[in-house]
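What follows is a short report on a single structure.
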Amino acid sequence: MLLSSKGKHRRPSKAVRIATLAGVTGAAVAVPLMGATGASAASVATWDAVAQCESGGNWSINTGNGYYGGLQFSQSSWAAAGGTQFAARADLASKAQQITAAEKLLDLQGPGAWACAGAGGLTNDGVDPGVDASAPSADKAAKPERKAEQPTTRSEKRTAPEASKTVTTPTGDKVKKGDGEYKVKAGDTLSTIADAKKVKGGWQKLFKLNDDIVEDADLIFPGQQLHLK
């Protein structure tokens with residue numbers, strides 16, 4: 001697990017402290033800043049080993065403990081390592097993006113930024129992991145761009161069936177039409193239909209068969225289509 005927001009990336013490096021001291025004493029000593037001779041780096045296999053120890057190798061983990069992703073970044077460490085350019089939190093970024101941010105944090109803080117550095121054998125071994133951070137992160141991948149033809153498809157679905165699924169009552173209300181084999185005519189009742197079509201169980205059975213569209217046994221409307229069995 002990474003160090004908290006009070007971790008080493010907020011503390012001046014040893015090189016910076018020596019340079020400050022040299023300025024105070026007037027000593028003519030040129031001290032290079034940490035990492036000026038080359039960025040720290042570790043192989044993907046090393047980062048996989050660290051992630052296995054930190055999170056069981058789950059690169060999208062978020063348990064709510066304040067640490068995110070396979071390498072268990074704290075939010076402050078994720079931001080300090082430039083991870084927010086990829087995703088709001090580490091668990092929302094891809095594995096490659098998390099490793100890219102981890103490389104920066106390794107350069108800033110060293111292996112001690114991870115509690116599992118020892119278990120994963122993490123050192124500044126100088127091996128470029130060669131990951132591609134341009135791959136989409138989890139939050140972007142979860143929201144694919146809308147295809148151009150989708151609005152047309154949605155419009156067709158919205159307009160076509162609507163009129164055929166309802167009938168208009170004499171008062172102007174809309175009621176469900178149904179898809180049964182008998183189409184109600186003016187003057188029909190459930191009783192007359194049940195008698196004419198010899199529905200076993202009479203109007204009560206007919207009502208039960210069509211209770212998804214007929215709310216009141218005394219109210220059926222021309223145009224509704226009732227199931228007879």
| field | Under 5 Å, built H, 5+ apart or other chain: amide partners of F73 | value | Y68
| query | What's the percent breakdown of Cα-Cα distances in the range 183-227 across 5 Å bins, shortest bin first? | reply | 5, 25, 40, 25, 4
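Computed from the coordinates by the stated procedures, all read-outs in this text should not be read as laboratory data. Owing to the predicted nature of the structure, the values given are computational and were not obtained by experimental measurement.
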